[in-house]
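This report refers to the structure that appears directly beneath it.
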Amino acid sequence: KQKKPVIISTWNHGLPANEESWKQLKAGKSALDAIEAGMKIPEADPNIRSVGYGGYPDREGKVTLDACIMDHNSNCGSVCFLQGIKHPISVAKRVLQNTPHVMLAGQGALQFALSEGFKEENLLTPESEKDWKKWLEDSKYKPVINIENHDTISMLMLDKDGNLAGGCTTSGAAWKMHGRVGDSPIIGAGLFLDNEVGAAAATGLGEAVIRTAGSAMVVELMRQGKSPYDACKEITERIYNKHKNHKDMEYLQVGFIALNKNGEHAGYSLRSGFNFAVSDDENGHRMEDAKFKMS
Ligand code: SD4
């Protein structure tokens, strides 16, 4: 029997996002509208340093954003390397709805956002600017594992009709090179779903998730009959095996969430410290700790 609706999203900031998305779903909004409304909360929160407004900038002091959204008909919208727009998830939704394309990047994404009525604003908060200036003192790129329990917000949803949808939004890796794009806006890497099977999304070091087509692989394992938990675990282990002797291993963290067509969910991460928010009728809104491979 299918359990629905169900929402799952990454990290502590997933909880207020889930609560808002849940409210929207219960008010009869579409899955895409509900995802957008929920994800706008961490995007707008200056204290969340890994998403949207207030996110850590790149090494040139520029906040550059990645986001995507996908519906049950495999329609996708994505923006990457977008600057100056507070709600990249909303722009991604407009790419899905109002363009013949899946992905818009950089200046082109900004131009599209402005044409859709979005306002350009400064996303670098005084706190982020201060941290960036401090970082410039030794300018070492070393991603932080479980950055203040935040990182990307990725959300998966099974709506009341039993259809899957998902989204991701992030300011990416702090102190990245200018122009760097992570896994989060890439369909198949940071997010993937097949409405016949299930949905998966990633958080953590995007390079590792892209190298392994992470979320797409989690969905394929579910297609072959694996539970969400076993699928997330197997792909996390694959990522570990591929990176055992890699220079990224020192600071490598990846985490996956997955939700199948029956409403069963799971999360799993390489290192400890990953958690996710889950919402359903049976147990309300709560946080769950992911199982992990190593501490
Ligand atoms: C990315 N998965 O851009 C996102 C978030 C992150 O270190 O910053 N990870 O890779």
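Here Thr236 clears all of (1) open to solvent by 10 Å² or more (accessible area, probe 1.4 Å); (2) outside any strand (DSSP E or B); (3) within 16 Å of the ligand (Cβ to nearest atom) except the condition numbered (1).
Contact map, region 83-108: first residue basic (Lys, Arg), second residue part of a helix (DSSP H, G or I) and surrounded by fewer than 16 Cβ atoms within 10 Å (Cβ to Cβ), Cβ cut-off under 7 Å, separation 6 or more or different chains; pairs are Lys86/Ala44. There is no residue in region 15-23 that is assigned to a helix (DSSP H, G or I), open to solvent by less than 30 Å² (accessible area, probe 1.4 Å) and in contact with an Asp or Glu (Cβ under 7 Å, 6 or more places away or on another chain). Selection over region 40-72 of residues that are touching a Pro at 6+ places or on another chain (Cβ under 9 Å) and part of a helix (DSSP H, G or I) gives a count of 3. Annotation: of all residues in region 257-271 being within 23 Å of Asp151 (Cα to Cα) and touching a Pro at 6+ places or on another chain (Cβ under 7 Å), the one that is most open to solvent (accessible area, probe 1.4 Å) is His265. Of the strands (runs of 3 or more DSSP E) lying entirely inside region 146-205, the ones with 1 or more residues being in contact with a helix residue (DSSP H, G or I) (Cβ under 6 Å, 6 or more places away or on another chain), within 9 Å of the ligand (Cβ to nearest atom) and open to solvent by less than 20 Å² (accessible area, probe 1.4 Å) are found at 198-204. Among the criteria (1) charged (D, E, K, R); (2) open to solvent by 30 Å² or more (accessible area, probe 1.4 Å); (3) part of a loop (DSSP other than H, G, I, E, B), the one Glu220 does not fulfil is (3). Restricted to region 136-145, and to residues there that are assigned to a loop (DSSP other than H, G, I, E, B) and open to solvent by 30 Å² or more (accessible area, probe 1.4 Å), the residue that is farthest from Leu205 (Cα to Cα) is Ser139.
The values are calculated or read from the model by the stated rules, or taken from the named source; none is laboratory data. Remember, it's a predicted structure, so these values are computed and weren't measured experimentally. Note that we place each Cβ from the backbone using ideal geometry, even for glycine, and neighbour counts take in every protein chain shown. Ligands, DNA and RNA are excluded from the accessible area calculation, which covers all protein heavy atoms including side chains. Shrake-Rupley method; radii C 1.70, N 1.55, O 1.52, S 1.80 Å.
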